[in-house]
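Below is one structure; the comments refer to it alone.
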Amino acid sequence: MDSQIEEIKSRLDIVEIIGQYLKLSKAGANFKAPCPFHNEKSGSFFVSPAKQIWHCFGCNKGGDVFTFVKEIESVEFGDALRILAQKAGVELKSLPKEDIRLKTEKQRLYEICDLAARFLKNSCFPAGRGAKLSNI
Ligand code: ZN
């Protein structure tokens, strides 16, 4: 299951896949575009070919090629996997649904923790009060 995901990932270029949905323009080593997930004209949406990830500095969404397809197509992880498997020319073996759900759940949990950590760091505690944080 994981090896299939890795195989699909290794066959796909994130810039090429996202380029099928958005008009990407080169920005140094990265590519950028106006974010499809929030309303803007400036282009806070970045794609890193080196890391094969994307991130929006406007709405803080981000992830890998699977996350992108999942978000833009409004589908579950399993469907995003199927779409990308097709693009990569990888034949998916039967997927245990539980595994996918678990993985998505874990990912969501991680995202929430990450968001909470960022929120704490940026909003609740002004710089220089890091010592207090560790006492909580
Ligand atoms: Zn955005």
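Which residues, taken from segment 1-24, are within 16 Å of the ligand (Cβ to nearest atom) and either buried (at least 19 other Cβ atoms within 10 Å of the Cβ) or without any contact (Cβ under 8 Å) to a residue 24 or more places away in the chain (or both)?
Passing the criteria: 18, 22, 23, 24.
Each row is one residue, and each column tells you yes or no for (1) closer than 26 Å to residue 115 by Cβ; (2) over 15 Å from the mean Cα position of the chain (by Cα); (3) assigned to a helix (DSSP H, G or I).
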| residue | (1), (2), (3) |
| --- | --- |
| 9 | yes, no, yes |
| 17 | yes, no, yes |
| 39 | yes, yes, no |
| 43 | yes, yes, no |
| 46 | yes, no, no |
| 82 | no, yes, yes |
| 86 | no, yes, yes |
| 93 | no, yes, no |
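Looking only at segment 48-80, count every residue that is in a loop (DSSP other than H, G, I, E, B) and away from the ligand (no atom under 15 Å from the Cβ) and tell me the total.
Result for segment 48-80: 8.
Being of a type in the set (Gly, Ala, Ser) and in contact with a Gly (Cβ under 7 Å, 6 or more places away or on another chain) is the requirement here; does residue 33 meet it?
Yes.
For segment 53-91, name all the residues that are among the basic types (Lys, Arg), within 18 Å of residue 10 (Cβ to Cβ) and touching a residue at least 12 places away in the same chain (Cβ under 8 Å).
87, the sole residue that qualifies.
Output the residues belonging to segment 29-57 that are of a type in the set (Gly, Ala, Ser) and either at pLDDT below 95 or buried (at least 16 other Cβ atoms within 10 Å of the Cβ) (or both).
Once the filter is applied, which keeps residues that are of a type in the set (Gly, Ala, Ser) and either at pLDDT below 95 or buried (at least 16 other Cβ atoms within 10 Å of the Cβ) (or both), segment 29-57 yields 33, 42, 43, 44.
The values are calculated or read from the model by the stated rules, or taken from the named source; none is laboratory data. What you see is a predicted model, and the numbers here were worked out from it, not measured in a lab. Here Cβ is always computed from backbone atoms with ideal geometry, including for glycine, and neighbour counts include all displayed protein chains.
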